[in-house]
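Colleague: Pasting in a structure now, in structure tokens, and then I'll have a few things to ask.
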Amino acid sequence: MWPAFAFILGLVVGSFLNVVIHRLPKGESIVFPPSRCPACGHRLAPKDLVPVLSYLALRGRCRYCAHPISPRYPLVEALTGLLFALAAFFFPPSPQAFLTFAFLALLVALSFIDLDTYELPDSLTYGLLFLGLLSAYLLSFPRPFSQALDGSLLAAGGLGLVAGYGAFFLRRFREGRAEVPVGPHQVHMAALFGALLGPGVGMALAFLTWALSGRTGRPVVLPDRITLPLLPLAWILAPYLGADLLSTLKGSLLSAGGLALAGGLYWALRPQEGGGEEEEPVAMGYGDVKLLGALGAWLGPYSLLALFLGVLAGAFVGLAFRQRKVPFGPYLALGGVVAFFFGEALWRAYLAWLGL
């Protein structure tokens with residue numbers, strides 16, 4: 001009975017997610033006005049909104065104007081229902097189960113919005129992040145708070161550096177434009193300071209440059225052509241300078257992750273004004289960095305598995321359909337779901353394959 005209830009609940013939530021996916025990127029209210037046919041504008045009756053069944057009964061067409069209804073709607077509903085049913089097999093009726101439902105629902109919404117717009121709304125990514133941290137703090141679910149916080153910062157810091165090096169290569173090693181008061185330059189500086197001085201000092205110095213940039217209105221940063229080449233050098237030299245390589249690497253990622261997530265939150269609360277300046281080439285958007293940081297709060301060390309699976313799935317789809325630009329969010333979400341439910345089993349299988 002519990003999996004069946006979870007499936008039906010997922011269908012209903014999936015119906016609501018269709019509204020979120022359609023309206024949130026447009027800045028429209030997700031509660032008002034009531035659902036209407038996008039073609040004729042006729043208000044939909046309750047009998048038109050029964051998840052999946054209404055679509056099948058109407059044969060995929062609007063009852064009032066016979067305009068075709070996108071199969072996306074029943075797909076989102078059925079996918080959410082199946083994911084909720086899967087969660088019900090892992091968790092009995094409990095707060096943990098309903099938190100897992102929220103985790104899955106947010107990932108579904110983020111995935112389809114990214115497919116449509118190539119953007120990941122901050123309201124959903126940070127909602128996923130804060131919900132994971134709150135769950136860890138109050139219930140130690142799905143892992144203790146210290147692991148959730150470290151997982152979030154490490155994941156965001158690692159992908160933030162990947163994005164930084166990727167953009168550096170795409171610019172052919174030319175210096176990029178520094179954002180004021182905070183941007184990727186501070187993230188790269190934090191990583192370098194964190195490697196040399198520890199995560200606490202690294203974040204503090206990077207936050208100081210953020211404050212000075214805001215105060216002066218000019219970027220107070222080290223150039224990427226200095227920080228990005230010096231960072232791997234700091235990692236390589238760490239053992240020769242009496243430091244532990246893993247501690248040095250962790251200091252870099254924690255510092256970078258703290259700046260990436262804090263800076264992203266700043267711009268979410270205070271959006272940049274469109275300036276008409278030519279956009280610089282990027283290897284990866286910072287929405288993906290924030291999404292992986294949010295997944296890190298739920299997955300801890302298994303966020304690395306989510307990233308690996310996401311890259312694998314995205315590369316496969318990109319090659320199969322010969323797409324040069326692929327939204328990474330859905331594949332990160334897919335990796336996150338697999339790692340959440342099966343991460344420990346996959347890790348044990350991998351260790352067994354290695355004979356460990």
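Colleague: Run down LEU265, LEU205 and say which single residue is in contact (Cβ under 8 Å) with a residue 24 or more places away in the chain, surrounded by 15 or more Cβ atoms within 10 Å (Cβ to Cβ) and touching a helix residue (DSSP H, G or I) at 6+ places or on another chain (Cβ under 9 Å). Before you say what the answer is, go through the steps one by one.
Modeller: Values: LEU205 fails: in contact (Cβ under 8 Å) with a residue 24 or more places away in the chain.
When all the criteria are applied, what remains is LEU265.
Colleague: Follow-up question, since we're still on this one. Where residues in the stretch 237-251 are free of Cβ contacts under 8 Å to residues at least 24 places away in the same chain and part of a helix (DSSP H, G or I), which of them is nearest to GLU175 (Cα to Cα)? So that I can check it myself, show each step before the final result.
Modeller: Of the residues in the stretch 237-251, the ones free of Cβ contacts under 8 Å to residues at least 24 places away in the same chain are 237, 239-247.
The next check asks that each one be part of a helix (DSSP H, G or I); those that pass are 237, 239-241, 245-247.
On the way: LEU237: 25, PRO239: 30, TYR240: 30, LEU241: 30, LEU245: 28, LEU246: 29, SER247: 29 Å.
Filtering the stretch 237-251 for residues that are free of Cβ contacts under 8 Å to residues at least 24 places away in the same chain and part of a helix (DSSP H, G or I), the one nearest to GLU175 (Cα to Cα) comes out as LEU237.
Residue-wise test of (1) without any contact (Cβ under 8 Å) to a residue 12 or more places away in the chain; (2) open to solvent by 80 Å² or more (accessible area, probe 1.4 Å).
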| site | (1), (2) |
| --- | --- |
| GLY310 | no, no |
| ALA315 | yes, no |
| GLY318 | yes, no |
| PHE321 | yes, yes |
| ARG324 | yes, yes |
| ALA339 | no, no |
| ALA349 | yes, no |
| LEU356 | yes, yes |
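Colleague: Further question on the same structure: Is it the case that PHE141 is among the aromatic types (Phe, Trp, Tyr) and either in a helix (DSSP H, G or I) or open to solvent by less than 10 Å² (accessible area, probe 1.4 Å) (or both)? Before you say what the answer is, go through the steps one by one.
Modeller: Values: among the aromatic types (Phe, Trp, Tyr): yes; either in a helix (DSSP H, G or I) or open to solvent by less than 10 Å² (accessible area, probe 1.4 Å) (or both): no.
For PHE141, the condition - among the aromatic types (Phe, Trp, Tyr) and either in a helix (DSSP H, G or I) or open to solvent by less than 10 Å² (accessible area, probe 1.4 Å) (or both) - is not met.
Colleague: If I ask for residues that are open to solvent by less than 30 Å² (accessible area, probe 1.4 Å), touching a helix residue (DSSP H, G or I) at 6+ places or on another chain (Cβ under 6 Å), more than 15 Å from ALA4 (Cβ to Cβ) and not hydrophobic (A, V, I, L, M, F, W, C), which ones from the stretch 51-79 would you list? If you could, list the steps in order and put the result at the bottom.
Modeller: Taking the stretch 51-79 as the starting set, the residues that turn out to be open to solvent by less than 30 Å² (accessible area, probe 1.4 Å) are 51, 54, 60, 62, 74, 76-77.
Adding the requirement that they be touching a helix residue (DSSP H, G or I) at 6+ places or on another chain (Cβ under 6 Å) leaves 51, 54, 74, 76-77.
Restricting the remaining residues to those that are more than 15 Å from ALA4 (Cβ to Cβ) gives 54, 74, 76-77.
Residues satisfying the conditions are SER54, PRO74, GLU77.
Colleague: Quick one: is PHE84 assigned to a helix (DSSP H, G or I), within 21 Å of the chain's Cα centre (by Cα) and not small (Gly, Ala, Ser)? Let's see the steps before the verdict.
Modeller: Details: assigned to a helix (DSSP H, G or I): yes; within 21 Å of the chain's Cα centre (by Cα): yes; not small (Gly, Ala, Ser): yes.
Yes.
Colleague: Name the single residue, out of those in the stretch 213-236 being under 17 Å from ALA191 (Cβ atoms), part of a helix (DSSP H, G or I) and in contact (Cβ under 8 Å) with a residue 24 or more places away in the chain, that is most open to solvent (accessible area, probe 1.4 Å).
Modeller: ARG225
Colleague: Here is a check on your reading of the model: is LEU154 crowded, with 21+ Cβ neighbours inside 10 Å and either of a type in the set (Gly, Ala, Ser) or over 10 Å from the mean Cα position of the chain (by Cα) (or both)? Outline the logic, then answer.
Modeller: Working: crowded, with 21+ Cβ neighbours inside 10 Å: yes; either of a type in the set (Gly, Ala, Ser) or over 10 Å from the mean Cα position of the chain (by Cα) (or both): yes.
When the stated conditions are applied, LEU154 passes them.
Colleague: Go through the residues of the stretch 27-41 one by one and say whether even a single one is part of a helix (DSSP H, G or I) and either loosely packed, with under 14 Cβ neighbours inside 10 Å or at positive phi (or both). Full working, then the answer.
Modeller: Step one: list which residues in the stretch 27-41 are part of a helix (DSSP H, G or I), which gives none.
The answer is no; no qualifying residue exists.
The values are calculated or read from the model by the stated rules, or taken from the named source; none is laboratory data. From a predicted model like this one, the values you see are computed outputs, not experimental measurements. We place every Cβ from the backbone using ideal geometry, glycine too, and count neighbours over all the protein chains shown. Side chains are part of the model used for accessible areas, which takes the heavy atoms of the whole protein and leaves out ligands, DNA and RNA. Shrake-Rupley method; radii C 1.70, N 1.55, O 1.52, S 1.80 Å.
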